[in-house]
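Quick notes on the structure that follows.
The values are calculated or read from the model by the stated rules, or taken from the named source; none is laboratory data. Source: prediction; values computed, not measured. Here the Cβ positions follow ideal geometry from the backbone for every residue, glycine too, while neighbour counts run over all protein chains shown. When the accessible area is computed, the model is the full protein with side chains, heavy atoms only, and any ligands, DNA or RNA have been set aside. Shrake-Rupley method; radii C 1.70, N 1.55, O 1.52, S 1.80 Å.
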Amino acid sequence: MTTLDGEEPTGVVGGLYTPPERGRIARSVRDSLIVARRNLIRMVRIPEVVIFGLIQPIMFVVLFSYVFGGSIDVGGQTDPAAYREFLMAGIFAQTVTFATAGAGAGIAEDMHKGLIDRFRSLPMTRGAVLTGRTLADLVQTALTLVVLAVVAAVVGWRVHDGALRALAAFGLLLLLGYAFSWIGALIGLSVRTPEAATSGGLLWLFPLTFISNAFVPSENMPAALRHIAEWNPFSTTVQACRELFGNLPAGYPVPDAWPMRHPVLASVLWSVLIIAFFRTLAVRRYRSAAA
């Protein structure tokens, strides 16, 4: 894009729009919110995407609560009610992380349809497309958590340490979900089809969520898997939420690993590191993939 005299206009370098330094942050926020609004409108117009996203976690709550509830030892007891409270933080965390696969598939679909190329032709900041997409996914995840918390309350889950600590736990869950959505964005930009993005997203999520303390205590695992589970960022957030919800069963042994002893701090650190690392990679990949 050049002017009549062959010069590139102000704010355009190498054919790419580059906003001036002054107001760049404000422009980036505005562009990201516009893209987020576009994705939220799309979700409203295709409600089955949200509905199907709610069905799976609800099924996990019911199946794990009533099928495995009386057969898993938690803190020296096999009480189904105790296991349901132990379980819910893991289900919440699994729900926000599994949303990553959908985020990656959405970005891959935009790439496949050429929508990303059209966005690049507009005067937008470079990271706004991905930031807007991840923010829209965060809103959908928050809605899913609200519905899931209601279902969990119906099957017997309760918060024991007050509303403020419970809100802090949900905040950690959303932070983890937002962090993992950047992994999904990177995957979506790195594959050719939405189907590949969905498969690639689930491929790493299953070992991450099941080699953890989400569904069974990590102390019951072999030594090698136990160490992985105790340093797993997913396990850290689950442990933090159990503490904040007041859902740790009496007699439940807290592992000696540092993340398990300081789960709230460790959860925040893990999420911030994941966002910083994978957002950088995703934005770089976006620039090269769309070039």
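Overview of results
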{"item": "Exposure of His227 as accessible area (Å², to 10), given a probe of 1.4 Å and all protein chains", "result": "100 Å²"}
{"item": "Dipole in debye (nearest 20) - the range 86-219, about Cα centre, beta carbon charges: Lys, Arg +1; Asp, Glu -1", "result": "300 debye"}
{"item": "Cα long-axis angle, helix 263-289 against the chain (0 to 90 degrees, to the nearest 10)", "result": "30 degrees"}
{"item": "GNM result for the chain, Cα springs below 10 Å: residue of Glu48, Glu230, Glu195 fluctuating most strongly", "result": "Glu48"}
{"item": "Assigned charges on the beta-carbon of Lys, Arg, Asp, Glu; the range 110-173 dipole about Cα centre (debye)", "result": "160 debye"}
{"item": "Column: log10 I(q)/I(0), Debye, Cα scatterers of the range 155-289, q = 0.10, 0.16, 0.22 Å⁻¹", "result": "-0.38, -0.88, -1.30"}
{"item": "Accessible area per residue, Å², the range 81-133 with all protein chains present, probe 1.4 Å", "result": "29 Å²"}
{"item": "Neighbour net charge for Ala179 - beta-carbon separation under 12 angstrom, K R +1, D E -1", "result": "0"}
{"item": "Which of Gly102, Phe86, Val155, positive extreme of dipole for the range 20-162 (C-beta unit charges)", "result": "Gly102"}
{"item": "Sites Ala223 and Ser288, calculated FRET efficiency, Cβ-Cβ separation with R0 30 Å, nearest 0.05", "result": "0.10"}
{"item": "J(HN,Hα) series, the range 250-259, from Karplus relation 6.51 cos²θ - 1.76 cosθ + 1.60, nearest Hz, glycine and proline x", "result": "4, x, 6, x, 7, x, 7, 4, 4, x"}
{"item": "Where the range 193-289 is the region considered: accessible area per residue in Å², 1.4 Å probe", "result": "46 Å²"}
{"item": "For the range 141-188: accessible area per residue (Å², 1.4 Å)", "result": "39 Å²"}
{"item": "Summed residue charge, Cβ within 15 Å of Ile41's Cβ, Lys/Arg positive, Asp/Glu negative", "result": "+3"}
{"item": "Heavy-atom accessible surface of the chain: percent carbon and sulfur, 1.4 Å", "result": "67 percent"}
{"item": "Other-chain or far-sequence residues with amide H under 5 Å of Val74's (modelled H)", "result": "Asp79"}
{"item": "Choice from Ala149, Ala26, Ala99 with maximal GNM fluctuation in the chain (Cα, 10 Å cutoff)", "result": "Ala26"}
{"item": "Only Lys, Arg (+1) and Asp, Glu (-1) charged, at Cβ; the chain dipole about Cα centre in debye", "result": "760 debye"}
{"item": "Dimensionless Rg over Rh [the range 94-188; C-alpha; Kirkwood]", "result": "1.10"}
{"item": "For the range 142-155, Karplus couplings with θ = phi - 60° (6.51, -1.76, 1.60), whole Hz, Gly/Pro x", "result": "4, 4, 4, 5, 4, 4, 5, 5, 5, 4, 4, 5, 5, 8"}
{"item": "Accessible area, probe 1.4 Å, largest first, for residues Leu63, Leu189", "result": "Leu63, Leu189"}
